[in-house]
1. For region 72-90, which residues satisfy the criterion of being loosely packed, with under 13 Cβ neighbours inside 10 Å and under 10 Å from the mean Cα position of the chain (by Cα)?
2. Which one is nearest to PHE62 (Cα to Cα), of the residues in region 15-50 that are open to solvent by 100 Å² or more (accessible area, probe 1.4 Å) and outside any loop (DSSP other than H, G, I, E, B)?
3. Report the residue count in region 59-92 for those that are among the basic types (Lys, Arg) and either outside any helix (DSSP H, G or I) or more than 21 Å from ALA32 (Cα to Cα) (or both).
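The values are calculated or read from the model by the stated rules, or taken from the named source; none is laboratory data. Small disclaimer: the values here were computed from a predicted structure and weren't measured. So basically every Cβ, Gly included, is an ideal-geometry build from the backbone, and we count neighbours across all protein chains shown. All accessible areas refer to the heavy atoms of the entire protein, side chains included, with ligands and DNA or RNA removed. Shrake-Rupley method; radii C 1.70, N 1.55, O 1.52, S 1.80 Å.
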Amino acid sequence: MFSPSMKLQEEKLVAMLARLVGSLSDDAKFKALTTSLGKTHKDYHVQPAHYIVLKQAIVMAFADVAPASFTPPTLAAWSKAYDAIAEAMMAV
């Protein structure tokens, strides 16, 4: 599922998160991205529990990297965005 280089996988994840978050205000773009990703992840047998684990890892990473700016409102915003993305991907 993942490339041998975890650094490359990290870069892909961050780039896709940026694209997804950037598409939240454009319904057509958001749907196209989440549909494509949802199909790919479904083929990889990604389960709902995996989305939860990734959300926890992302939140922990943000809190670790930028603790002063990762405030409760920031956490709530990222949680809302991630949940929208995960729900759309799982709906495919």
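1. ASP83
2. As a first pass, look at region 15-50 and keep what is open to solvent by 100 Å² or more (accessible area, probe 1.4 Å): 19, 25, 27, 29, 31, 39, 42-45.
Remaining after also requiring outside any loop (DSSP other than H, G, I, E, B): 19, 27, 29, 31, 39, 42-43.
Values: ARG19: 17, ASP27: 26, LYS29: 25, LYS31: 26, LYS39: 27, LYS42: 26, ASP43: 29 Å.
Within region 15-50, the match that is nearest to PHE62 (Cα to Cα) is ARG19.
3. Of region 59-92, the ones among the basic types (Lys, Arg) are 80.
Pick out the ones that are also either outside any helix (DSSP H, G or I) or more than 21 Å from ALA32 (Cα to Cα) (or both) and you get none.
Going through region 59-92 one residue at a time, the tally reaches 0.
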